[in-house]
1. Rank 143, 129, 205 by mean-square fluctuation in a GNM of the chain with C-alpha springs under 10 angstrom and give only the top-ranked residue.
2. Note the count of lysine pairs whose C-alpha atoms are less than 17 angstrom apart in segment 38-259, limited to pairs 8 or more residues apart or on different chains.
3. Taking 7 Å along the Cα-to-C-beta vector as the label spot, tell me the residue 177-residue 243 distance in nanometres, rounded to one decimal.
4. Reachable aspartates and glutamates from residue 23, Cα under 14 Å, same-chain residues fewer than 8 places away excluded?
5. Between residue 50 and residue 340, how many nm apart are label points set 7 Å from Cα along the C-beta direction?
6. Tell me, what is the FRET efficiency for residue 65 and residue 285 to the nearest 0.05, using R0 = 35 angstrom and their Cβ-Cβ distance as r?
7. With +1 on the Cβ of every Lys and Arg and -1 on the Cβ of every Asp and Glu, and nothing else charged, how large is the dipole of the chain about its Cα centre, in debye rounded to the nearest 20?
8. Heavy atoms only, probe 1.4 Å: what % of the accessible area of segment 225-276 goes to carbon and sulfur, would you let me know?
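The values are calculated or read from the model by the stated rules, or taken from the named source; none is laboratory data. Model, not experiment: these values are computed from the prediction. Cβ placement follows ideal geometry from the backbone for every residue including glycine, while neighbour counts extend to all protein chains displayed. Accessible surface areas use protein heavy atoms only, side chains included; no ligands, DNA or RNA. Shrake-Rupley method; radii C 1.70, N 1.55, O 1.52, S 1.80 Å.
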Amino acid sequence: MKFSELLKGLTPYTAGEQPKNKKYIKLNTNENAYPPSPSVRGVLAAFDADALRLYPDPDASELKLTLAERYGLSPENIFTGNGSDEILGFCFPAFFDRESPPVLFPDVTYSFYPVYAALYGIPYKTPPLRADYTVDAACYSPLVSPSQGVIIANPNAPTGIALPLYGIEEILVQNRETVVIVDEAYAEFGGVTAMPLIDEYDNLLVVRTFSKAYSLAGIRCGYAVGQKPLIDALGVIKNSFNSYTLDSLTIKIAAAACRDMEYYDMINERIANIRDGAARRLRADGFTVLDSAANFLFLKKDGVCGERLFSALKERGILTRHFKGSRTSDFIRATVGTDTETEVFCGAVKEIADGILHGKG
Ligand code: PMP
(Lines give C-alpha, C1' and ligand atoms only; values in the text may rest on other atoms or scores of the structure.)
Protein backbone atom coordinates (compact mmCIF):
# COMPACT_ATOMS: atom_id res chain seq x y z
CA MET A 1 0.00 0.00 0.00
CA LYS A 2 1.32 3.42 -0.87
CA PHE A 3 1.23 6.19 1.73
CA SER A 4 2.42 9.75 1.29
CA GLU A 5 5.92 10.86 2.23
CA LEU A 6 4.20 13.56 4.31
CA LEU A 7 2.37 10.96 6.37
CA LYS A 8 5.57 9.14 7.27
CA GLY A 9 7.01 12.30 8.79
CA LEU A 10 4.01 13.24 10.94
CA THR A 11 3.67 12.84 14.70
CA PRO A 12 0.03 13.69 15.42
CA TYR A 13 -1.26 15.50 18.48
CA THR A 14 -2.28 13.25 21.36
CA ALA A 15 -5.64 14.30 22.77
CA GLY A 16 -6.31 13.82 26.48
CA GLU A 17 -7.88 10.48 27.31
CA GLN A 18 -11.70 10.18 27.24
CA PRO A 19 -12.09 7.14 29.50
CA LYS A 20 -14.61 4.53 28.41
CA ASN A 21 -14.60 1.79 31.01
CA LYS A 22 -13.85 3.46 34.29
CA LYS A 23 -15.35 6.41 36.13
CA TYR A 24 -12.68 9.00 36.91
CA ILE A 25 -12.62 12.42 38.45
CA LYS A 26 -11.79 13.83 35.08
CA LEU A 27 -9.36 16.73 35.33
CA ASN A 28 -7.36 16.06 32.15
CA THR A 29 -8.87 18.02 29.26
CA ASN A 30 -9.99 21.32 30.78
CA GLU A 31 -13.67 20.73 30.23
CA ASN A 32 -16.01 22.95 32.24
CA ALA A 33 -16.98 21.57 35.65
CA TYR A 34 -20.59 22.74 35.24
CA PRO A 35 -23.32 21.90 32.72
CA PRO A 36 -24.25 24.02 29.67
CA SER A 37 -26.78 26.83 30.14
CA PRO A 38 -30.58 26.33 30.27
CA SER A 39 -31.13 27.66 26.72
CA VAL A 40 -28.88 24.92 25.37
CA ARG A 41 -31.23 22.33 26.85
CA GLY A 42 -34.14 24.28 25.35
CA VAL A 43 -32.63 24.11 21.85
CA LEU A 44 -32.03 20.38 22.17
CA ALA A 45 -35.57 19.75 23.39
CA ALA A 46 -37.15 21.85 20.62
CA PHE A 47 -34.92 20.72 17.75
CA ASP A 48 -36.90 19.30 14.84
CA ALA A 49 -35.23 16.13 13.53
CA ASP A 50 -36.73 16.81 10.08
CA ALA A 51 -34.35 19.77 9.81
CA LEU A 52 -31.47 17.31 9.61
CA ARG A 53 -32.58 16.38 6.08
CA LEU A 54 -31.05 19.63 4.83
CA TYR A 55 -27.41 20.72 4.81
CA PRO A 56 -26.63 23.33 7.44
CA ASP A 57 -26.10 27.01 6.61
CA PRO A 58 -22.48 27.00 5.32
CA ASP A 59 -22.01 30.52 6.71
CA ALA A 60 -23.42 29.75 10.18
CA SER A 61 -25.13 33.16 9.86
CA GLU A 62 -27.26 32.84 13.00
CA LEU A 63 -24.18 32.25 15.12
CA LYS A 64 -22.09 34.92 13.41
CA LEU A 65 -24.87 37.48 13.89
CA THR A 66 -25.24 36.60 17.57
CA LEU A 67 -21.49 36.87 18.16
CA ALA A 68 -21.26 40.09 16.15
CA GLU A 69 -24.01 41.65 18.23
CA ARG A 70 -22.30 40.60 21.42
CA TYR A 71 -18.97 42.17 20.48
CA GLY A 72 -20.39 45.20 18.64
CA LEU A 73 -18.84 44.00 15.37
CA SER A 74 -20.12 42.99 11.95
CA PRO A 75 -20.61 39.31 10.95
CA GLU A 76 -17.84 39.85 8.37
CA ASN A 77 -15.43 40.13 11.31
CA ILE A 78 -16.28 36.63 12.48
CA PHE A 79 -15.20 33.19 11.33
CA THR A 80 -16.64 30.00 12.81
CA GLY A 81 -15.19 26.52 12.83
CA ASN A 82 -15.38 22.98 14.08
CA GLY A 83 -13.65 23.75 17.36
CA SER A 84 -10.88 26.32 17.65
CA ASP A 85 -8.49 23.53 16.69
CA GLU A 86 -9.90 23.58 13.17
CA ILE A 87 -9.56 27.36 12.97
CA LEU A 88 -5.94 27.21 14.19
CA GLY A 89 -5.36 24.48 11.62
CA PHE A 90 -6.79 26.73 8.85
CA CYS A 91 -4.55 29.62 9.95
CA PHE A 92 -1.41 27.81 8.78
CA PRO A 93 -2.33 27.48 5.08
CA ALA A 94 -4.11 30.88 5.16
CA PHE A 95 -1.24 32.98 6.50
CA PHE A 96 2.01 31.04 6.24
CA ASP A 97 4.31 29.74 3.52
CA ARG A 98 6.86 26.94 3.39
CA GLU A 99 9.86 28.88 2.09
CA SER A 100 9.58 31.79 4.49
CA PRO A 101 10.90 32.84 7.88
CA PRO A 102 9.58 30.76 10.79
CA VAL A 103 6.29 31.19 12.61
CA LEU A 104 6.96 32.01 16.26
CA PHE A 105 5.29 30.53 19.32
CA PRO A 106 6.68 29.89 22.82
CA ASP A 107 8.71 26.78 23.68
CA VAL A 108 6.05 25.86 26.25
CA THR A 109 2.57 26.30 24.79
CA TYR A 110 -0.31 24.41 23.19
CA SER A 111 1.31 21.36 21.64
CA PHE A 112 -0.96 21.36 18.59
CA TYR A 113 0.84 24.36 16.99
CA PRO A 114 3.96 22.40 15.94
CA VAL A 115 1.71 19.59 14.66
CA TYR A 116 -0.09 21.96 12.25
CA ALA A 117 3.26 23.43 11.20
CA ALA A 118 4.52 19.93 10.35
CA LEU A 119 1.31 19.05 8.48
CA TYR A 120 1.71 22.07 6.20
CA GLY A 121 5.51 21.97 6.09
CA ILE A 122 5.79 25.43 7.62
CA PRO A 123 8.97 26.36 9.51
CA TYR A 124 8.62 27.46 13.12
CA LYS A 125 10.78 28.68 15.97
CA THR A 126 10.01 28.59 19.69
CA PRO A 127 11.34 31.53 21.71
CA PRO A 128 11.68 30.35 25.31
CA LEU A 129 9.35 31.50 28.05
CA ARG A 130 11.23 33.27 30.85
CA ALA A 131 12.46 31.18 33.79
CA ASP A 132 9.18 32.00 35.59
CA TYR A 133 7.18 30.69 32.58
CA THR A 134 5.92 34.12 31.49
CA VAL A 135 6.00 35.19 27.84
CA ASP A 136 8.78 37.65 26.98
CA ALA A 137 7.16 39.88 24.34
CA ALA A 138 10.57 41.24 23.29
CA CYS A 139 11.45 37.81 21.80
CA TYR A 140 8.77 38.37 19.13
CA SER A 141 10.40 41.43 17.60
CA PRO A 142 11.54 40.95 13.97
CA LEU A 143 14.85 42.47 15.08
CA VAL A 144 15.34 39.50 17.42
CA SER A 145 13.63 36.85 15.27
CA PRO A 146 12.44 37.59 11.74
CA SER A 147 9.15 35.72 11.33
CA GLN A 148 6.07 35.32 9.13
CA GLY A 149 3.69 35.45 12.10
CA VAL A 150 3.20 34.80 15.80
CA ILE A 151 0.84 32.57 17.80
CA ILE A 152 0.31 33.29 21.47
CA ALA A 153 -2.10 31.35 23.68
CA ASN A 154 -3.41 33.80 26.27
CA PRO A 155 -3.74 32.57 28.97
CA ASN A 156 -1.00 30.20 27.92
CA ALA A 157 -1.42 26.43 28.08
CA PRO A 158 -0.40 24.37 29.95
CA THR A 159 0.97 27.06 32.30
CA GLY A 160 -2.28 29.04 32.75
CA ILE A 161 -0.31 32.29 32.94
CA ALA A 162 -1.87 35.33 31.23
CA LEU A 163 0.17 37.90 29.33
CA PRO A 164 -1.08 41.43 30.12
CA LEU A 165 -2.68 43.32 27.25
CA TYR A 166 0.34 45.62 26.89
CA GLY A 167 2.43 42.51 26.12
CA ILE A 168 0.03 41.49 23.35
CA GLU A 169 0.05 45.05 22.04
CA GLU A 170 3.86 45.10 22.04
CA ILE A 171 3.85 41.98 19.87
CA LEU A 172 1.22 43.50 17.55
CA VAL A 173 3.18 46.73 17.14
CA GLN A 174 6.40 44.85 16.39
CA ASN A 175 4.73 42.75 13.70
CA ARG A 176 2.50 45.16 11.79
CA GLU A 177 2.99 43.35 8.47
CA THR A 178 2.32 39.80 9.65
CA VAL A 179 -0.49 38.07 11.49
CA VAL A 180 -0.53 37.76 15.28
CA ILE A 181 -2.90 34.97 16.35
CA VAL A 182 -4.04 35.19 19.95
CA ASP A 183 -5.55 31.89 21.06
CA GLU A 184 -7.98 32.86 23.83
CA ALA A 185 -9.35 29.38 24.57
CA TYR A 186 -9.28 30.18 28.31
CA ALA A 187 -9.73 33.97 28.38
CA GLU A 188 -13.14 33.88 30.08
CA PHE A 189 -11.68 32.48 33.30
CA GLY A 190 -9.93 35.70 34.24
CA GLY A 191 -7.37 36.52 31.56
CA VAL A 192 -7.43 39.63 29.45
CA THR A 193 -8.86 39.72 25.96
CA ALA A 194 -7.28 41.30 22.90
CA MET A 195 -10.75 41.72 21.36
CA PRO A 196 -10.80 45.53 21.93
CA LEU A 197 -7.65 45.85 19.78
CA ILE A 198 -9.30 44.42 16.65
CA ASP A 199 -10.22 47.85 15.21
CA GLU A 200 -6.74 49.21 15.64
CA TYR A 201 -4.67 46.26 14.41
CA ASP A 202 -5.37 44.67 11.04
CA ASN A 203 -2.81 41.94 11.89
CA LEU A 204 -4.72 40.66 14.96
CA LEU A 205 -6.77 37.47 14.90
CA VAL A 206 -8.40 36.40 18.17
CA VAL A 207 -9.39 32.72 18.32
CA ARG A 208 -12.00 31.54 20.83
CA THR A 209 -13.85 28.36 21.69
CA PHE A 210 -17.18 27.14 23.07
CA SER A 211 -15.42 24.10 24.56
CA LYS A 212 -14.26 25.57 27.87
CA ALA A 213 -16.13 28.60 29.19
CA TYR A 214 -19.42 27.56 27.53
CA SER A 215 -19.25 23.97 28.65
CA LEU A 216 -19.78 22.74 25.08
CA ALA A 217 -16.68 20.70 24.20
CA GLY A 218 -19.00 18.02 22.81
CA ILE A 219 -20.41 20.13 19.98
CA ARG A 220 -17.03 21.21 18.53
CA CYS A 221 -17.45 24.91 17.91
CA GLY A 222 -14.98 27.78 17.87
CA TYR A 223 -14.77 31.24 16.35
CA ALA A 224 -12.21 33.80 15.32
CA VAL A 225 -12.53 37.57 15.35
CA GLY A 226 -10.50 39.99 13.24
CA GLN A 227 -10.61 42.47 10.39
CA LYS A 228 -12.28 41.35 7.16
CA PRO A 229 -9.19 40.40 5.10
CA LEU A 230 -8.08 37.88 7.76
CA ILE A 231 -11.60 36.45 8.09
CA ASP A 232 -11.96 36.21 4.28
CA ALA A 233 -8.62 34.37 4.07
CA LEU A 234 -9.85 31.75 6.54
CA GLY A 235 -13.06 31.47 4.49
CA VAL A 236 -11.07 30.64 1.34
CA ILE A 237 -9.25 27.82 3.15
CA LYS A 238 -12.44 26.49 4.73
CA ASN A 239 -14.32 26.50 1.43
CA SER A 240 -11.40 24.75 -0.24
CA PHE A 241 -11.77 21.98 2.32
CA ASN A 242 -15.32 21.56 3.64
CA SER A 243 -18.31 23.88 3.11
CA TYR A 244 -20.16 22.61 6.17
CA THR A 245 -17.79 22.58 9.13
CA LEU A 246 -20.59 23.31 11.62
CA ASP A 247 -23.74 21.18 11.71
CA SER A 248 -27.18 22.75 12.06
CA LEU A 249 -27.67 21.70 15.68
CA THR A 250 -24.28 23.09 16.71
CA ILE A 251 -25.04 26.47 15.13
CA LYS A 252 -28.27 26.73 17.15
CA ILE A 253 -26.74 25.50 20.40
CA ALA A 254 -23.77 27.87 20.23
CA ALA A 255 -25.99 30.85 19.38
CA ALA A 256 -28.28 30.04 22.31
CA ALA A 257 -25.32 29.75 24.68
CA CYS A 258 -24.17 33.25 23.65
CA ARG A 259 -27.48 34.60 24.87
CA ASP A 260 -26.98 33.10 28.35
CA MET A 261 -23.94 35.07 29.43
CA GLU A 262 -25.29 35.71 32.93
CA TYR A 263 -25.26 31.98 33.59
CA TYR A 264 -21.81 31.49 32.10
CA ASP A 265 -20.32 34.47 33.94
CA MET A 266 -21.65 32.94 37.15
CA ILE A 267 -20.21 29.43 36.66
CA ASN A 268 -16.90 30.70 35.35
CA GLU A 269 -16.47 33.06 38.27
CA ARG A 270 -17.17 30.11 40.53
CA ILE A 271 -14.47 28.10 38.75
CA ALA A 272 -12.00 30.99 39.11
CA ASN A 273 -12.73 31.11 42.86
CA ILE A 274 -12.28 27.37 43.27
CA ARG A 275 -9.04 27.62 41.27
CA ASP A 276 -7.63 30.40 43.45
CA GLY A 277 -8.60 28.57 46.66
CA ALA A 278 -6.97 25.36 45.42
CA ALA A 279 -3.79 27.21 44.39
CA ARG A 280 -3.53 28.75 47.88
CA ARG A 281 -4.05 25.39 49.55
CA LEU A 282 -1.55 23.57 47.33
CA ARG A 283 1.07 26.27 47.88
CA ALA A 284 0.54 26.01 51.63
CA ASP A 285 1.19 22.27 51.21
CA GLY A 286 4.54 22.97 49.56
CA PHE A 287 3.60 22.76 45.89
CA THR A 288 4.79 25.22 43.26
CA VAL A 289 1.65 26.37 41.45
CA LEU A 290 1.95 28.76 38.51
CA ASP A 291 -0.39 31.78 38.59
CA SER A 292 -3.35 30.59 36.56
CA ALA A 293 -5.92 32.76 34.81
CA ALA A 294 -7.42 29.65 33.17
CA ASN A 295 -9.60 26.73 34.36
CA PHE A 296 -6.59 24.57 35.21
CA LEU A 297 -3.54 24.57 37.46
CA PHE A 298 0.02 23.65 36.52
CA LEU A 299 1.79 22.39 39.62
CA LYS A 300 4.82 20.50 40.86
CA LYS A 301 6.57 19.58 44.07
CA ASP A 302 10.35 19.52 44.46
CA GLY A 303 11.66 15.99 44.59
CA VAL A 304 8.50 14.47 43.14
CA CYS A 305 8.49 13.25 39.52
CA GLY A 306 5.55 14.68 37.56
CA GLU A 307 4.88 11.46 35.69
CA ARG A 308 4.81 9.47 38.91
CA LEU A 309 2.35 11.93 40.43
CA PHE A 310 0.18 11.65 37.32
CA SER A 311 0.21 7.82 37.44
CA ALA A 312 -0.51 7.61 41.16
CA LEU A 313 -3.45 10.02 40.80
CA LYS A 314 -4.78 7.92 37.92
CA GLU A 315 -4.58 4.79 40.06
CA ARG A 316 -6.73 6.60 42.59
CA GLY A 317 -9.28 7.45 39.91
CA ILE A 318 -8.17 11.03 39.24
CA LEU A 319 -7.17 11.85 35.66
CA THR A 320 -4.78 14.76 35.12
CA ARG A 321 -2.32 15.48 32.32
CA HIS A 322 1.44 15.15 32.18
CA PHE A 323 3.59 16.63 29.41
CA LYS A 324 7.01 15.25 28.63
CA GLY A 325 9.71 17.81 27.85
CA SER A 326 12.50 19.46 29.77
CA ARG A 327 10.45 22.39 31.06
CA THR A 328 7.17 20.58 31.67
CA SER A 329 7.93 17.05 32.90
CA ASP A 330 8.20 18.02 36.59
CA PHE A 331 4.62 19.34 36.47
CA ILE A 332 1.12 17.98 36.17
CA ARG A 333 -1.80 19.94 34.77
CA ALA A 334 -5.11 19.58 36.57
CA THR A 335 -8.41 21.03 35.39
CA VAL A 336 -10.36 22.92 38.04
CA GLY A 337 -13.34 20.73 38.85
CA THR A 338 -16.30 21.27 41.16
CA ASP A 339 -15.71 22.06 44.84
CA THR A 340 -15.90 18.39 45.74
CA GLU A 341 -13.65 17.21 42.92
CA THR A 342 -11.09 19.86 43.77
CA GLU A 343 -11.20 18.93 47.44
CA VAL A 344 -10.54 15.27 46.55
CA PHE A 345 -7.76 16.25 44.12
CA CYS A 346 -5.95 18.54 46.58
CA GLY A 347 -6.11 15.91 49.33
CA ALA A 348 -4.92 13.09 47.05
CA VAL A 349 -2.06 14.98 45.42
CA LYS A 350 -0.71 16.01 48.82
CA GLU A 351 -0.96 12.51 50.21
CA ILE A 352 0.76 11.00 47.16
CA ALA A 353 3.56 13.59 47.12
CA ASP A 354 4.13 13.14 50.88
CA GLY A 355 4.21 9.37 50.37
CA ILE A 356 6.80 9.65 47.60
CA LEU A 357 8.98 12.08 49.58
CA HIS A 358 8.87 9.87 52.68
CA GLY A 359 9.67 6.75 50.72
CA LYS A 360 6.22 5.17 50.88
CA GLY A 361 5.03 6.02 47.38
N1 PMP B 1 -6.24 26.25 22.21
C2 PMP B 1 -5.80 25.82 23.39
C3 PMP B 1 -4.74 26.59 24.08
C4 PMP B 1 -6.34 24.66 23.97
O5 PMP B 1 -5.89 24.20 25.14
C6 PMP B 1 -7.36 23.97 23.29
C7 PMP B 1 -8.00 22.73 23.89
N8 PMP B 1 -7.25 21.58 23.80
C9 PMP B 1 -7.77 24.44 22.05
C10 PMP B 1 -7.20 25.59 21.54
C11 PMP B 1 -8.77 23.71 21.20
O12 PMP B 1 -10.04 23.73 21.72
P13 PMP B 1 -11.30 23.34 20.84
O14 PMP B 1 -10.81 22.71 19.55
O15 PMP B 1 -12.06 22.40 21.69
O16 PMP B 1 -12.01 24.61 20.57
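1. 143
2. Values: 64/228; 64/238; 64/252; 228/238.
For segment 38-259, qualifying lysine pairs total 4.
3. Calculated label separation equals 3.8 nm.
4. 315, 341
5. In this crude label model, residue 50 to residue 340 measures out at 4.3 nm.
6. On the way: r = 48 Å, r/R0 = 1.39.
FRET efficiency, residue 65 to residue 285: 0.10.
7. Details: 37 positive and 44 negative charges, 295 e Å.
The dipole magnitude comes to about 1420 debye.
8. In segment 225-276, the share of accessible area belonging to carbon and sulfur is 51 percent.
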